[in-house]
Amino acid sequence: MAPVETGTRPTTDRSYALLGGVLTALSVALAVRRPWSGDFGIHAATVERLRLSFTDPGNPLVDAAGPSPYYSPYPLLLGALARLTGAAAVTVLLVAGPLVLVLLLWALRGFVRTLSDRPLAPTLALVFVLLLWGLKARLWSGFFSLWALPFVPAFPSTLALALTLLLWTGLTRARRWPHWVGLGVLGALIALVHPFTAVIAGLGALALLVRHGGWRWAALASGEAAVLVALWPYYSFVDLLRAGGQLDAIHRPLYDRPWLYYGLIVVALPALWLRWRRDRRDPLVLLFLGALAVVVVGGLTGRYALGRVWPAVLLSGQIALAVELSGPLPRKVARIWLPATALACLAGLAVQAGNLLYLAPPALLTPTVRHAARMYVDWPDYAWLARYVRPGDVVLTDDYFALRTVPAYGARTIAPAWPDPFLPDQARRQRDLATMTDPATDPATRTGLMARYHVRWVLEIPGKWDIESGTPVATGPKGQRLYAG
């Protein structure tokens, strides 16, 4: 193995610990405030189903049996903790967020240290990972940034990213067979927890193997991981891969004006170029090229789900830039590159810092303030439903926010808010939901469909459709009305 790039002085830098401590404290405070995003609902619903039943949880969103790719070791652990402590699934998931963030911070520092012992390299890497994205922020699972900090720490994708960095670190240090056995287990966990991140993990592993060798042991570890994944009882990974094409439509936005969402990474291109000039097998360069190739293939072939590999394109550049700028630079280069990078970081901070206002008193977050700060959407609160809706009850609603939230509190919806490759009647459910919420539908047809799906509750949103029968039970924030169906 080649030596890491060395700094000019063997000092210990505490800036990473300080910055990591600040981020952890922010994560804890934000978890207390409970900001919400769309994907949080599905993950909380998954934990809730597993809290109720380990052996037969059913679909996490609708009243149906069958497997789900969301049932991975991570929510299984959280479901067990929820059952042992008696805490709600939402609470357990929120508590998990800061812990996962700490693991990610530790893993990022460890991986950067395999590339360089320059004291500032890990700190710069963390700064760039948070800020160097684009001039327009995007909240998407697996796209970890400052703007996403209030929402994604508890997501499986964040845990999978931390495990990926640990896997890459382990690949550079593995010497004996027990190490490779552990890496096989780690690879299986990544694949089960978040299959999209597993693609990134695989690309990075290949890049590191090209640089450091160890192909024979890596093949055995990969075989071990494949066996463990195949033995996972909650869903078939092979069936998930076969159904991957169903996810392309919802991922098309990842290819919308990429320069706008990822353009700030341009300041990292010189770092990748310098590393390629020094070493044609540099793992960060190989990861960048491999991930970019996957993304391009996805765009050219319409397999837009491959856009989930965009974070690897940026991560390789962010870390490469951190390593290069943490060392000595020619004066002429520094005069241009350092200010350009600083300006890019300031631009990223201006674009993304607005979501930290979730820490402010809610009364101050007026629509004007939220718009000026470019905050994420003002997600409605549905926690009040838990006083009425029991776990397993079916709620009829077609509201965008409600569909993505009420399952977190134990309810089920008619149709899933996200594409589900393992739900055979998904299309029919979508059509029936549209029929039930169509004002032109006659009462008899609506009543028959409600009986088919065992609807127990109807949730109305002001300005939406109105039902013609039902017993009003409660009124929630912003005029939400709950009826007994």
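All of the numbers you see were taken from the coordinates with simple rules; none came from a lab. Keep in mind it's a predicted model, so treat the numbers as computed, not measured. Note that each Cβ is placed from the backbone with ideal geometry, even for glycine, and that neighbours are counted across all protein chains shown.
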Exercise for review: Nearest 5 is fine: what % of DSSP beta bridges in the chain come out antiparallel, could you say?
Suggested key: 55
Practice item. Measure off 7 Å from each Cα along the Cα-to-Cβ vector at Ala440 and Ala29, then give the distance between these two points in nanometres to one decimal. Key: 5.3
**Study point:** HN-Hα J in Hz across segment 445-457 - Karplus 6.51, -1.76, 1.60, θ = phi - 60°, x for Gly and Pro
**Key:** 5, 5, 4, x, 5, 5, 5, 4, 9, 6, 5, 9, 9
Check your understanding: Magnitude of the Cβ-charge dipole of segment 383-484, K/R +1 and D/E -1, about the Cα centre, nearest 20 debye?
Key -> 300
Exercise for review: Starting with the fewest neighbours, write out Thr366, Thr437, Thr46 ranked by other beta-carbon atoms found within 10 Å of each beta-carbon.
Suggested key: Thr366, Thr437, Thr46
Practice item. For the chain, count all C-alpha to C-alpha pairs, find those more than 29 Å apart, and express that count as a whole percent of the total. Key: 53
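Where does the charge balance sit around Lys136 when Lys and Arg score +1, Asp and Glu -1, over other residues with C-beta under 15 Å from its C-beta?
So the surrounding residues net to +2.
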Revision key, fill the gap. Classified through the alpha carbon gyration tensor (a ≥ b ≥ c as square roots of its eigenvalues; rounded if a/c is under 1.5, else prolate when a/b is larger than b/c, else oblate), segment 383-484 comes out oblate
Check your understanding: If we count every other residue with Cβ under 14 angstrom of Leu264's Cβ, Lys/Arg +1 and Asp/Glu -1, where does the sum land?
Key -> +3
Check your understanding: How many nm is it between the label spots at Ala87 and Val333, if each spot is 7 Å from the Cα in line with the beta carbon?
Key -> 4.7
Point to revise | Exposure proxy ranking, count of Cβ atoms within 10 Å, fewest first, for Leu171, Leu23, Leu84 | key: Leu84, Leu23, Leu171
Point to revise | Fewest-first sequence of Phe288, Phe151 by Cβ atoms within 10 Å of each Cβ | key: Phe151, Phe288
Study note, to complete from the structure: The set of residues whose placed amide H lies less than 5 Å from the amide H of Trp379, leaving out same-chain residues fewer than 5 positions away, is Trp36
Practice item. Apply the Karplus parameterisation 6.51 cos²θ - 1.76 cosθ + 1.60, with θ equal to phi minus 60°, to every residue of segment 403-416 and state each ³J(HN,Hα) to the nearest whole Hz, in sequence, with x for glycine and proline. Key: 4, 8, 10, 4, x, 5, 9, x, 7, 10, 10, 5, 10, x
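Taking the Cα centre of the chain as origin, sum charge times position over the Cβ atoms of Lys and Arg (+1) and Asp and Glu (-1), and report the length of that vector in debye to the nearest 20.
1600
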Exercise for review: Any chance you could check the Cα centroid distance between segment 399-461 and segment 74-144 for me, in angstrom?
Suggested key: 34
Study note, to complete from the structure: Taking placed amide H atoms and a strict 5 Å upper bound, the residues 5 or more places from Arg412 or on another chain that come that close are Gly392, Asp393, Val394, Val395
Exercise for review: Could you tally the net charge around Gly170, taking each other residue with its Cβ under 14 Å from the Cβ of Gly170, Lys/Arg +1 and Asp/Glu -1?
Suggested key: +3
Review point. Going by average Cβ neighbours within 10 Å, how do the peptides 419-431, 192-204 rank, with the highest at the top?
Key: 192-204, 419-431
Review point. In whole Hz, what ³J(HN,Hα) sequence does segment 70-77 give by Karplus (6.51, -1.76, 1.60; θ = phi - 60°), x for Gly and Pro?
Key: 6, 7, 10, x, 5, x, 4, 5
Practice item. Decide, for segment 136-250, between rounded, prolate and oblate: order the square roots of the alpha carbon gyration tensor eigenvalues as a ≥ b ≥ c, take rounded if a/c falls under 1.5, and otherwise choose prolate if a/b is larger than b/c, else oblate. Key: oblate
